[in-house]
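Peer 1: If you scroll down you'll find the structure; I have some questions about it.
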Amino acid sequence: MKYCRFIQDGEARYGLVEHQGDDQRITRLLLSAPHLAAGDLEELPSRRMQPLLLAEASLVAPVEPTKIVCVGRNYREHAAELGNEVPTEPLIFLKPTSALVGGGAEVRRPPISQRVDYEGELGVVIGRTCRHLAEGDDVRPFILGYTCVNDVTARDLQNRDDQWTHAKGFDTFCPVGPLVTDELDPWGGIGVQTRVNGELRQDGNTRDFIFPLEIILRHIAQVMTLFPGDLIATGTPQGVGPVVAGDVMEVTVADVGTLRNPVVDDTEN
């Protein structure tokens, strides 16, 4: 099942996304938020709507998390390119929900930073309350689906500070979308790519995770309760780099789609 969140009659609504021919269309309105539903996603209450091309919909972020938990340095090559040691356990940090934006939204470069980087990632959306998982617990029942995330980072501030919230917490620094799907298998290998102005910059695969999803979820759930709708960004592959005003970032996760966001200078700060 695939779903998105889009603006209809001035309100954000959830919609079921289906293939019709070569196109993806929003075909039904979901009558409850997917992450709050119990049971099988396929049985969510919905009502028919006039099909709308996904490419023509006014999309917003398809998640409403209580928190955004990110995993740092989960690819060896990415750790190496920034001169960092490979971690011995998952390195986690938080982004505020105020950083969340959807596809098409502008990412604003703050004037206090001289280098803002893209970081394309696979996002995991939590479907069931998750706390203190045992070693042998299967994490799949706790996952609602998967999406694209861009963990935008003020790299110069990250290098200067002893913590990462400042560098990664700016408004608009967490684009997510364009949809959520449960039709992926990250354990089997999912491609994650980032392009800037159409040029390929990152080309990774979830097979290369240092810490697979079961380790990530168990580690996070030892610290905090994960609630339905919470978002986990699983780490970025090698190839991170800066963007400037006028650039367009595109994060593509196989079978999810492409998350596209233009970059502008923030003139409000």
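Peer 1: Name the pairs: first residue in the range 112-134 and under 13 Å from N150 (Cα atoms) and of a type in the set (A, V, I, L, M), second residue in a strand (DSSP E or B) and open to solvent by 10 Å² or more (accessible area, probe 1.4 Å), Cβ to Cβ under 7 Å, at least 6 apart or on different chains?
Peer 2: V116/R109; V116/P242; L122/Y146; V124/I143; V124/Y146
Peer 1: Test of understanding: among T181, T165, which residue is in contact (Cβ under 8 Å) with a residue 24 or more places away in the chain, polar (S, T, N, Q) and either loosely packed, with under 15 Cβ neighbours inside 10 Å or touching a His at 6+ places or on another chain (Cβ under 8 Å) (or both)?
Peer 2: Working: T181 fails: either loosely packed, with under 15 Cβ neighbours inside 10 Å or touching a His at 6+ places or on another chain (Cβ under 8 Å) (or both).
Answer to the check: T165.
Yes/no per residue for (1) aliphatic (A, V, I, L, M); (2) surrounded by fewer than 17 Cβ atoms within 10 Å (Cβ to Cβ); (3) touching a helix residue (DSSP H, G or I) at 6+ places or on another chain (Cβ under 7 Å):
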| position | (1), (2), (3) |
| --- | --- |
| T88 | no, yes, no |
| T97 | no, yes, no |
| R108 | no, no, no |
| Q114 | no, yes, yes |
| R131 | no, yes, yes |
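Peer 1: Also: What are the pairs with Cβ atoms under 6 angstrom where one residue, in the range 202-218, is in contact (Cβ under 8 Å) with a residue 24 or more places away in the chain and open to solvent by 40 Å² or more (accessible area, probe 1.4 Å) and the other, located anywhere, is not aliphatic (A, V, I, L, M) and not in a helix (DSSP H, G or I)? Sequence gap at least six, or different chains.
Peer 2: Partner pairs satisfying both residue conditions: D203/Q193; D208/Y75.
Peer 1: Go through the residues of the range 71-84 one by one and say whether even a single one is open to solvent by less than 20 Å² (accessible area, probe 1.4 Å), at pLDDT 95 or above and under 21 Å from the mean Cα position of the chain (by Cα). Even if it seems obvious, please write down each step before you answer.
Peer 2: The initial filter retains those residues of the range 71-84 that are open to solvent by less than 20 Å² (accessible area, probe 1.4 Å), namely 71-72, 74-75, 78-79.
Then drop every residue that is not at pLDDT 95 or above, which leaves 71, 74.
When the remaining residues are screened for being under 21 Å from the mean Cα position of the chain (by Cα), the result is 71, 74.
Checking the range 71-84: at least one residue is open to solvent by less than 20 Å² (accessible area, probe 1.4 Å), at pLDDT 95 or above and under 21 Å from the mean Cα position of the chain (by Cα).
Peer 1: Applying the selection to the range 134-157, what residues are in a helix (DSSP H, G or I) and either touching a Lys or Arg at 6+ places or on another chain (Cβ under 7 Å) or farther than 26 Å from I190 by Cβ (or both)? Show your work before the answer.
Peer 2: Keep residues of the range 134-157 that are in a helix (DSSP H, G or I), which gives 140-142, 155-157.
Listed by number, the residues that qualify are P141, F142, R155, D156, L157.
Peer 1: Of the residues that sit in the range 1-57 and are surrounded by 15 or more Cβ atoms within 10 Å (Cβ to Cβ) and part of a loop (DSSP other than H, G, I, E, B), which one is modelled with the highest pLDDT?
Peer 2: Taking the candidates together, the pick is A57.
Peer 1: Mind telling me which of the residues G246, G189, G229 ends up being loosely packed, with under 15 Cβ neighbours inside 10 Å, in contact with a helix residue (DSSP H, G or I) (Cβ under 6 Å, 6 or more places away or on another chain) and of a type outside the set (S, T, N, Q)?
Peer 2: Just a single option satisfies the conditions, and that option is G189.
Peer 1: When the range 116-128 is examined, which residues are found to be over 12 Å from C174 (Cβ atoms) and either small (G, A, S) or open to solvent by 10 Å² or more (accessible area, probe 1.4 Å) (or both)?
Peer 2: Within the range 116-128, G120, G127, R128 qualify.
Peer 1: Tell me, please, whether a residue that is part of a loop (DSSP other than H, G, I, E, B), in contact (Cβ under 8 Å) with a residue 40 or more places away in the chain and within 13 Å of L144 (Cα to Cα) can be found in the range 66-85.
Peer 2: No; the residues of the range 66-85 include none that is part of a loop (DSSP other than H, G, I, E, B), in contact (Cβ under 8 Å) with a residue 40 or more places away in the chain and within 13 Å of L144 (Cα to Cα).
The values are calculated or read from the model by the stated rules, or taken from the named source; none is laboratory data. Model, not experiment: these values are computed from the prediction. Reconstructed Cβ throughout: ideal geometry from the backbone, glycine too, with neighbour counts over all protein chains shown. For accessibility, only protein heavy atoms count, side chains too; no ligands or nucleic acids. Shrake-Rupley method; radii C 1.70, N 1.55, O 1.52, S 1.80 Å.
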